[in-house]
Amino acid sequence: MPGRRGRSGTEDEVRGIAIVGAGQAGLQLGLGLLEAGYEVTLVAERRPEEVRGGRVTSTQLMFGPALRVERAAGLALWDDTAPVMPGFELSHWEPQGQPDAPVHRFAAPLDDEVRSVDQRVKLAAWLELFEERGGRAEYRSVDPADVADLAAAHDLTVLATGRGQLSGLFEHDMSWPAHDRPPRTLACFYVHGVAHDDSDPAAGYVRTTGVPPAGDVIVMRALTVGGPCDIVLFEGRWDGVYDCWGDRPDVAEGWRRALELLRTHAPWEYERFRHAEPTDPGAALYGAITPTVRLPVAHVDGDRPVLGMADALAVHDPITGQGANNAARAAASYLGAVLERGDLPFDERWMRETFGAYWENARHTHAFTEFMVREPQPEQVRLVIEAAFAHPEVAHRFANGYADPSTYREWLLDPDGAAAYLAGFAK
Ligand SMILES: Cc1cc2nc3c(=O)[nH]c(=O)nc-3n(C[C@H](O)[C@H](O)[C@H](O)COP(=O)(O)OP(=O)(O)OC[C@H]3O[C@@H](n4cnc5c(N)ncnc54)[C@H](O)[C@@H]3O)c2cc1C
C-alpha cells in the first residue's frame, strides 16, 4: 500500500494516515500521530501565513481539562503569554425601556484555568510544527472524489473538516433533535485598548450579560496575533436588536454598531470597552450555527469507510464555549484508539467504537448547550440561575461546571435532580 515506510531504526511497517482539515482536531491528532511514528498526510485549505493573517474563527475559550490534554501532548505553547481568566460573572437585566431596572448578577471564582488563544495564532503555529516534524501537508480544498482517493491510499482517513461541506458525507443522527435553523445569530470582535481597572473585581473575568429579548453578550480575555486582547461575542435572538449583522459590515462599522449595542444593553461593559479598537482587519466574525449530530462513518468509493471527527460530526451554538474543548478531547481519544489498534485494520466497527468512546463524554456538552439555547429556557435552568444570584455556592458550582458539562447531568439537566438540589437552598 502506498504511504508506508520503515519506522525509524526498525524494520516495522508504519501505517499511513490521512487527515483532512487543519483545525484544533485535525492538527492535534496529526501532531500526536507523528510523535508516535505514524506517517501522516494532512490536507489543509490554508497555509500558516494565510491562517495567521486571515479572519478570526472562534472565541476558543479552553477550560482546564482540555488545556491539560494539550499540555500533555506538548502543544501548550502559550502558557506564559495567554491570560488566565480567574472568574465568571453573569448578569441579567430586563430594562424593557426602564434603564433603572435592577441588574441581577453573580460572580464566582474559577477553580481551574481558562484561556483563549486565537486559533489564528495556535493553528498557524501547529501547522508549522507539523511540517517541521516531518508531517506531509498538502494545501487544497478536498472534494468527495478526493476523499475516495485519500481513503484508497491510506490505512485510515479522518475527516476533521469542521462545519465545511464534507460533513454532508455523514448521515444525521436522528436520535438528536433536528433544528431547521440556528438558535442564535453570532457576531464577535477582537479588540484592544480595554480599560482593565485593578479596582474592578470582575476585570479579567469571563463575563456574560443576558438581556431578553436581545440575547447575550459574552466578553473574555485572549491572546491574539499582536498580543493580549479582549473578545466580545454577541449571541443574538432572532429578530432582536442583536440580530443586526446580516449585511456583514466591515470590522470598523461592525465595532461601531457593537459599541452602540453595549451602550444601551450592557452599559457597564460599554464603560470598559468604549475606548477599545479592533485589533486588525480580520478581527470580526459573523455567522450562525445550526446544531447537528451526525453518524461517525461515511462510505466512499463503494464501501470504503472514513471516520469523522469533532465539528465535522457534532456542532452546537458557541454560547457554552465547548466545541474546541471537544475537538481537543476528540484528538486525544482518537489518538489513543489508533495506538491501541496496533496492526489490526481500522475497520468500520473500530471507527464506531472510537467515536463512541469520545462521544460518551462529549454528548453531555452537546446536551448542556441544547439546554442553554432552548426557547423558552427550561424551568430548572431559570431556577438554578436565580438561586445562583442569591447563593454563592450555587453560583460557584454552575460557573465551574463549564469545564466539564457532564457534571451538570444530575443537578441541572434533570428537573427532579435540580429541584432536589435547590431544595437545600430554600428560605
Ligand atoms: C463565534 C464562535 C465562537 C466559539 N467559541 C468557542 C469557545 O469559546 N470555546 C470552544 O471550545 N469552542 C468555541 N467555538 C467552537 C470551536 O471554534 C469549534 O468547535 C472548533 O474550532 C472545532 O474544531 P475542528 O477542528 O473540529 O473544526 P475547525 O476548527 O472548523 O477546523 C476545520 C478545518 O478544516 C478545514 N476544511 C474544511 N473543509 C475542508 C476541505 N474540504 N478540504 C480541506 N480542509 C477543509 C477548514 O479550513 C478548517 O481549517 C466557537 C465557534 C464560533 C463560530
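The values are calculated or read from the model by the stated rules, or taken from the named source; none is laboratory data. If you're wondering where the values come from, they're calculated on a predicted model, not measured in any experiment. Neighbour counts run over all protein chains shown; Cβ positions are idealised from the backbone, glycine included.
Restrict the check to segment 297-311 and report whether at least one residue is under 30 Å from residue 250 (Cβ atoms) and either within 16 Å of the ligand (Cβ to nearest atom) or outside the structural domain of residue 146 (by TED's automatic domain parsing) (or both). Yes.
Counting only strands (runs of 3 or more DSSP E) that fall entirely inside segment 1-76 and contain at least 3 residues that are modelled with pLDDT of 95 or more, in the same structural domain as residue 156 (by TED's automatic domain parsing) and not aliphatic (A, V, I, L, M), no element qualifies. Screening segment 201-213 for residues that are more than 19 Å from the chain's Cα centre (by Cα) and outside any strand (DSSP E or B) and picking the one that is farthest from the ligand (Cβ to nearest atom) gives 201. The set of residues from segment 51-62 being within 8 Å of the ligand (Cβ to nearest atom) and over 18 Å from residue 186 (Cβ atoms) comprises 51, 62. With the condition kept exactly as written, say whether any residue in segment 68-76 is within 9 Å of the ligand (Cβ to nearest atom), within 19 Å of the chain's Cα centre (by Cα) and not aromatic (Phe, Trp, Tyr). Checked against the condition, which is being within 9 Å of the ligand (Cβ to nearest atom), within 19 Å of the chain's Cα centre (by Cα) and not aromatic (Phe, Trp, Tyr), segment 68-76 yields no hits at all.
Within segment 161-178, residues that are closer than 11 Å to residue 296 by Cβ and at pLDDT below 95 reach no partner that is charged (D, E, K, R) and near the ligand (Cβ under 6 Å from one of its atoms) with beta carbons closer than 6 Å at six or more positions or on different chains.
Taking segment 337-406 as the region of interest, the helices (runs of 4 or more DSSP H) fully inside it that hold 3 or more residues being within 19 Å of the chain's Cα centre (by Cα) and not assigned by TED's automatic domain parsing to the domain that holds residue 207 are 348-373, 392-401. Just to be sure, is residue 103 aliphatic (A, V, I, L, M) and closer than 30 Å to residue 52 by Cα? The answer is no for residue 103. Screening 216, 230 for residues that are crowded, with 16+ Cβ neighbours inside 10 Å, within 16 Å of the ligand (Cβ to nearest atom) and farther than 28 Å from residue 293 by Cα leaves exactly one candidate, 230.
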